[in-house]
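> Before I ask anything, let me first share the structure, which is written out below as structure tokens.
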Amino acid sequence: MQKRELGRSSLEVSALGLGCMGMSMNYGPPQDRQEMMALLRSAVDRGTTFFDTAEVYGPFTNEELVGKALAPVRNQVVIATKFGFAIDPGSKERRGFDSRPDHIRQVAEASLKRLRTDVIDLFYQHRVDPSVPIEDVAGTVKDLVAEGKIRYSGLSEASAATIRRAHAVQPVCAVQSEYSLWARDPEAHVLPTCEELGIGFVPWSPLGQGFLTGKVRPDTKFGNDDVRSWFPRFAPEAMNANQSLIELLHRVAVLKHATPAQIALAWLLAKKPWIVPIPGTRRLERLEENMASADVDLTTDDLREIDDAASKIKVQGSRGTGHEHCG
Ligand SMILES: NC(=O)c1ccc[n+]([C@@H]2O[C@H](COP(=O)([O-])OP(=O)(O)OC[C@H]3O[C@@H](n4cnc5c(N)ncnc54)[C@H](OP(=O)(O)O)[C@@H]3O)[C@@H](O)[C@H]2O)c1
């Protein structure tokens with residue numbers, strides 16, 4: 001697969017990464033560990049070099065899975081993980097945010113162990129903690145970089161103003177926010193800020209939690225352990241109303257000899273050369289399908305046509321922001 005540089009950071013990764021969250025939570029029960037380890041290794045064999053996990057996925061088990069699977073190929077891959085939640089050690093439940101410097105240090109040490117590595121390639125603050133100034137967070141990460149425990153710093157779901165403040169203390173390599181054809185908030189302020197500061201952008205849920213693939217239908221039933229069972233956009237009425245987005249993706253897909261999922265990803269890739277989506281999947285054939293979107297060529301005219309058509313579609317239902325399910 002082609003490679004991309006995350007902004008002007010000099011961190012080079014495959015044009016698409018692999019989101020690992022769904023292997024351990026949010027879309028049904030945790031998957032079989034051996035099967036997911038095999039999938040992770042297949043991803044590397046096929047050219048994926050960028051893997052996205054977080055302390056809170058599981059919690060903890062997703063980092064352990066990713067660490068174990070990738071240990072034998074550690075020098076070929078870039079592993080991104082995230083800190084920033086308080087997690088009760090007993091119940092393992094989330095108890096709000098915690099980006100206090102001491103806590104960041106503890107999480108870094110624990111993540112290093114779970115990931116079976118001596119350096120974290122990219123360490124994101126998962127959510128901005130309103131009780132800790134971002135300068136203190138960036139300063140702590142800067143110290144960890146100086147100590148050789150972290151290579152690059154990232155932010156997730158941060159505003160343009162917060163990105164600027166953090167970047168002034170410690171260069172931000174990548175910002176991660178939800179971005180896809182039906183979640184376009186970053187276009188207003190975050191993407192222009194990333195462009196100006198030379199920061200890479202990593203869209204999470206780039207397939208709209210599966211909706212933009214066309215495989216989730218209005219009559220799809222989600223279990224209680226699937227966050228989509230309570231996301232407003234996955235209510236049957238909203239999914240019915242939003243079918244025009246799927247029709248648009250289908251139309252372009254036919255013209256490009258591709259699938260709707262591939263067009264949804266190619267649209268992101270075509271937006272900027274420093275954008276690196278991280279679609280999540282637990283199936284090899286979908287991983288291959290998603291990776292092949294890097295070969296779908298969308299011209300500027302194609303992009304304009306898709307944007308024009310999409311702008312006439314009013315998406316129904318508020319989005320699951322990831323705040324509720326801390327993806
Ligand atoms: N920073 C944050 O706050 C945050 C929040 C959410 C997510 N994330 C990161 O972003 C990654 C991706 O987001 P996501 O997993 O929420 O959403 P996504 O990538 O938009 O969609 C994943 C869903 O789509 C399905 N899927 C994937 N490829 C498909 C294909 N080709 N055809 C049909 N269905 C397909 C998957 O099912 P199968 O697994 O069954 O294939 C899964 O249900 C996560 O893994 C996580 O690492 C970060």
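> Would you please give the residues with an amide H less than 5 Å from that of V78, counting only those at least 5 places away or on a separate chain, with H modeled from the backbone geometry?
F50, F51
> Within region 1-77, list the trypsin sites (Lys or Arg not before Pro) lying in a DSSP loop whose Cβ has at most 16 other Cβ atoms in a 10 Å radius.
Passing both the DSSP loop test and the Cβ count: R8, R46.
> Quick check for you: with a 1.4 Å probe and neighbouring chains kept, what is the accessible area per residue of region 3-311, in Å²?
40
> Heavy atoms only, 1.4 Å probe, whole protein assembly: order H257, H250, H167 by accessible area, highest first. If you can, show how the numbers build up before the last one.
Numbers: H257 170, H250 90, H167 50 Å².
Ranked list, largest accessible area first: H257, H250, H167.
> For a label point 7 angstrom out from the Cα of K215 toward its Cβ, which stretches of region 223-254 have the backbone nitrogen within less than 14 Å?
Once the point is set 7 Å along Cα→Cβ of K215, nothing inside region 223-254 turns out to lie under 14 Å by backbone N.
> Which distance in nm do the two modelled labels at K3 and S244 give, with both placed 7 Å along the Cα-to-Cβ direction?
So the label points at K3 and S244 sit 4.3 nm apart.
> If each residue of separation counts as 0.36 nm, what is the full-extension length gain between E195 and S91 once their alpha-carbon separation is subtracted?
33.3 nm
> Counting DSSP beta bridges with both partners in region 3-311, what percentage is antiparallel, nearest 5?
So the antiparallel bridges amount to about 25 percent of the total.
> Further question on the same structure: Just grab the label-to-label distance for S131 and R165, each label 7 Å out from Cα along the Cβ direction, in nm (one decimal).
The answer from the label model is 1.7 nm.
> Can you tell me the FRET efficiency between E305 and E35 if r is taken as the Cβ-Cβ distance and R0 is 56 Å, rounded to the nearest 0.05? Walk me through the intermediate numbers first.
Working: r = 40 Å, r/R0 = 0.71.
Efficiency, rounded to the nearest 0.05: 0.90.
> So how much accessible area does S205 have, in Å² to the nearest 10, using a 1.4 Å probe?
Probe radius 1.4 Å; accessible area of S205 about 20 Å².
> How many angstrom separate the Cα center of region 104-132 from the Cα center of region 62-100?
A separation of 7 Å, based on Cα centres.
> Which pairs, out of K149/K272; K149/K256; K82/K312, put more than 32 Å between their alpha-carbon atoms? Before the final figure, lay out each step's value.
Working: K149/K272 30 Å; K149/K256 44 Å; K82/K312 36 Å.
Beyond 32 Å between Cα atoms: K149/K256; K82/K312.
> Show me the ranking of peptides 158-166, 13-21 by mean Cβ neighbours inside 10 Å, starting with the highest.
Packing order, densest peptide first, comes out as 13-21, 158-166.
> Oh, and also: Might you work out the accessible area of E285 for me, using a 1.4 Å probe with all protein chains in place, and round it to the nearest 10 Å²?
110
> In terms of solvent-accessible area of protein heavy atoms at a 1.4 angstrom probe, what is the ranking of K149, K312, highest value first? Provide the component values of the computation, followed by the final result.
Details: K149 55, K312 165 Å².
Descending order: K312, K149.
> Additional query: What ranking of I313, I246 comes out by heavy-atom accessible area, probe 1.4 Å, highest first?
I313, I246
The values are calculated or read from the model by the stated rules, or taken from the named source; none is laboratory data. The structure displayed is predicted, hence computed values, not measured ones. Cβ coordinates were reconstructed from backbone atoms using ideal geometry, including for glycine residues, and neighbour counts include every protein chain displayed. Surface areas here come from the heavy atoms of the whole protein model, side chains and all, with no ligands, DNA or RNA. Shrake-Rupley method; radii C 1.70, N 1.55, O 1.52, S 1.80 Å.
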